[in-house]
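Notes to accompany the following structure.
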Amino acid sequence: MSQIVVGDDGLSRPVWASVDPMLRDYYDTEWGMPVRDERGVFERLSLEAFQSGLSWATILRKRAAFREAFADFSPEAVAEFGEGDIERLMADAGIVRNRAKVLATIQNARATLRLRNDPEGDLAAYVWSFQPPDTPRPRTFADVPTTSAESLALSKGLKRKGFGFVGPTTMFALMEAIGIVDTHLLESHRRGTSGVWPA
């Protein structure tokens, strides 16, 4: 079975992005496009942590609720969250109610603020500093890695800086999502569209 589907618009997409309109729109307009601002990277980092063990579609459907619950992922606001906010979040059916992930998001907001004074750069600059010299060129899903030397190094670096729920697989997914690597299949219409890597 082909892993690429040509849509009614004539564009080639992977199977996962070819049926559900929400996933298709996310694939066409957002996934793999560069995100280089602190709030944007903090949001993606947080959502990837919540996604751990779940499907990305589940997180995407809840993204508006996540943004409302977490003050639009403002690191300053989330860093101030206290016990009352934690209880509010644990009662919010619109998000994923996982106490460890909620606590990690607050912890990561505080770590994000500390990084602003870090000689290695703020969160966005630090994450992008792990851009590899080359990117995968997958023909099939089996060719797409789930970790890399850079995602392992990023995971270790963020843990040293006080972040949680930043394992190497989660960090590779983050790197894919924000354009640090391009893992679009070679036949996809999105291959090479980020401006970071050539097709």
Subject >> On Cα atoms only, tilt of 99-115 relative to the major axis of the chain in degrees >> reply: 90
**OP:** May I ask you to compute the full-extension gain from A91 to A57, defined as 0.36 nm times their residue separation minus their alpha-carbon distance, rounded to one decimal in nm?
**Re:** 10.1 nm
**OP:** Quick one: P(r) of the chain from all Cα-Cα pairs, 5 Å bins, percents rounded to integers, in order of increasing distance.
**Re:** 1, 8, 15, 20, 19, 16, 11, 6, 3, 1, 0
**OP:** Round to the nearest 0.05 the FRET efficiency obtained for E120 and V5 when R0 = 35 Å and r is the Cβ-Cβ distance.
**Re:** 0.25
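As a quick test, which of the pairs K62/K161; K101/K161; K101/K159 have an alpha carbon distance above 19 angstrom in this structure?
Details: K62/K161 28 Å; K101/K161 17 Å; K101/K159 15 Å.
The answer is K62/K161.
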**OP:** Any chance you could give the angle, 0 to 90 degrees and rounded to 10, that helix 149-160 forms with the longest Cα principal axis of the chain?
**Re:** 10
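About the Cα centre of the chain, what is the dipole size in debye to 20, counting +1 per Lys and Arg Cβ and -1 per Asp and Glu Cβ, all else neutral? Show your work: numbers first, answer last.
Details: 24 positive and 27 negative charges, 100 e Å.
The calculation lands at about 480 debye.
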Original post:
Considering the dipole of the chain built from charges on the beta carbon (Lys and Arg +1, Asp and Glu -1) around the Cα centre, which of L89, A65, P168 is farthest to its positive end?
Top reply: P168
Subject >> Separation of the D37 and E187 label points, Cα + 7 Å toward Cβ, nm >> reply: 3.7
Original post:
What dipole magnitude, in Debye to the nearest 20, does the stretch 1-40 give about its Cα centre under +1 on Lys/Arg Cβ and -1 on Asp/Glu Cβ?
Top reply: 140
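As an exercise, use a Förster radius of 41 Å and the Cβ-Cβ distance of E80 and A149 to find the FRET efficiency, rounded to the nearest 0.05.
On the way: r = 36 Å, r/R0 = 0.88.
For R0 = 41 Å, the calculated efficiency reads 0.70.
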**OP:** Report L123's accessible area, 1.4 Å probe, all protein chains in place, as a number in Å² to the nearest 10.
**Re:** 0
Original post:
Amide H to amide H, which residues 5 or more places from V5 or on other chains are under 5 Å from it, using H placed in the peptide plane?
Top reply: R13, V15
Original post:
Under the rule of -39500 (n - 2.57) per DSSP H run of 4 or more residues, summed and divided by the residues of the chain, what mean residue ellipticity at 222 nm is obtained, to the nearest 500 deg cm²/dmol?
Top reply: -13500 deg cm²/dmol
Original post:
Can you pull the Kirkwood radius for the stretch 81-199, inverse mean 1/r over Cα pairs, to one decimal in Å?
Top reply: 16.0
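Sort 18-30, 96-108, 58-70 by the packing proxy (mean of other Cβ within 10 Å over each peptide's residues), most packed first.
96-108, 58-70, 18-30
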**OP:** Specify the angular offset, from 0 to 90 degrees and rounded to the nearest 10, of the alpha carbon long axis of helix 38-51 from the longest principal axis of the alpha carbons in the chain.
**Re:** 80
**OP:** Could you tell me what percent of the accessible area of the stretch 1-131 is made up of carbon and sulfur, with a 1.4 Å probe and every protein chain present?
**Re:** 52
Subject >> 1.4 Å probe accessible area per residue over the stretch 1-138, in Å² >> reply: 48
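The values are calculated or read from the model by the stated rules, or taken from the named source; none is laboratory data. In this text, all values refer to a predicted model and were calculated from it rather than measured experimentally. Ideal geometry is used to build each Cβ from the backbone, glycine not excepted, and the neighbour counts take in all protein chains shown. Ligands, DNA and RNA are excluded from the accessible area calculation, which covers all protein heavy atoms including side chains. Shrake-Rupley method; radii C 1.70, N 1.55, O 1.52, S 1.80 Å.
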